[in-house]
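I have placed the structure first, in the form of structure tokens, so that the comments after it can refer back to it.
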Amino acid sequence: MGDDTVRIFGIVIAICGALAVFGGETFAIWTFNLETESDGYDSEIDIKFGTTELHASSEFKYDGESESESESSSYDDDDCDCDELEGFFSNLKMMFYGLILFGIAIAYFANSGDLENLPTVAGITALLSVGILAYTFTTLPGAFEEDIGFFEDIDEDEAFFINDEKTQDGVDLKVSAMPHVGFFLPVVSLTLAGLLVKPELMD
């Protein structure tokens, strides 16, 4: 594998980390959506979780009239009351900052031509990427439930992936939870770092 390829891989890894931290709603990590329908009253709530802000939008329809609104709140805002989410995303941002640093280190090794430590750094980067994915998958739904409490209200188990339709107390519910664009950034960094663990195989 040539130095130019290694440099590009390192830059892309660093960019993945930066997009997760600074990419806003577009590169949110997770999204939760709840639709309800009952006797002509329909509602939809959509929440996207970025690393620094929660982005919520809602739409309500009744007797042919509709009302919608959207807002973004930092996790440390008093109005948000998101202590668990704030703690989770503080940790996650630190992990993404680490991803940025390791990406820069990989690009530096390529520029200097000193690739002796590349497999070690690439291996750590791959493990960090796996850690980000696992931490998000296992911890984010619980933090969301502690602060906002939707899962208990609609009688759903806490889960990172949900796609369910049911009727509760005469109300038709459709609930979904799934990864958003930002969740797949560590997948990209994991793939690239994995290829760099044994760069000689790519020659």
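Since every read-out is calculated from the coordinates, none of them should be taken as a lab result. None of the values given here were measured: they were computed from a predicted structure. A quick note on method: Cβ atoms are made from the backbone with ideal geometry, for glycine too, and the neighbour counts reach across all protein chains shown.
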Margin query: Is there a quick way to get the dipole size of the range 3-202? I mean about its Cα centre, with the Cβ of Lys and Arg at +1 and of Asp and Glu at -1; what is the value in debye to the nearest 20?
Written below: 2040 debye
Next item on the list: Give, to the nearest whole percent, the P(r) tail of the range 63-167 beyond 20 angstrom, counting all Cα pairs.
Entry: 60 percent
Next item on the list: Take ILE148, ILE132 and order them by how many other Cβ atoms sit within 10 Å, fewest up front.
Entry: ILE148, ILE132
Check: With Cβ to Cβ distances under 15 Å as the rule, what net charge do the other residues near ALA105 carry (K, R +1; D, E -1)?
Finding: -2
Next item on the list: For the range 1-96, compute Rh as the Kirkwood radius over C-alpha pairs and then the Stokes-Einstein diffusion coefficient at 37 °C and 0.692 mPa s; write the answer in µm²/s, rounded to an integer.
Entry: 209 µm²/s
Next item on the list: Rounded to the nearest Å, what's the spacing between the alpha carbon centres of the range 92-129 and the range 29-44? Just the number, please.
Entry: 42 Å
Notebook entry, point to check: Can you count the Lys pairs in the chain with C-alpha separation below 20 Å, eight or more apart or on different chains?
Noted result: 5
Notebook entry, point to check: Ranking LEU115, LEU185, LEU190 by Cβ neighbours within 10 Å, fewest first, what do you get?
Noted result: LEU115, LEU190, LEU185
Check: Which of the following values of Cα Rg over 2.2 N^0.38 Å was calculated from the structure shown: [x] 1.07; [y] 1.24; [z] 1.55?
Finding: [y]
Next item on the list: Only Cα pairs under 8 Å and at least 6 apart count here; give the relative contact order of the chain as a rounded whole percent.
Entry: 31 percent
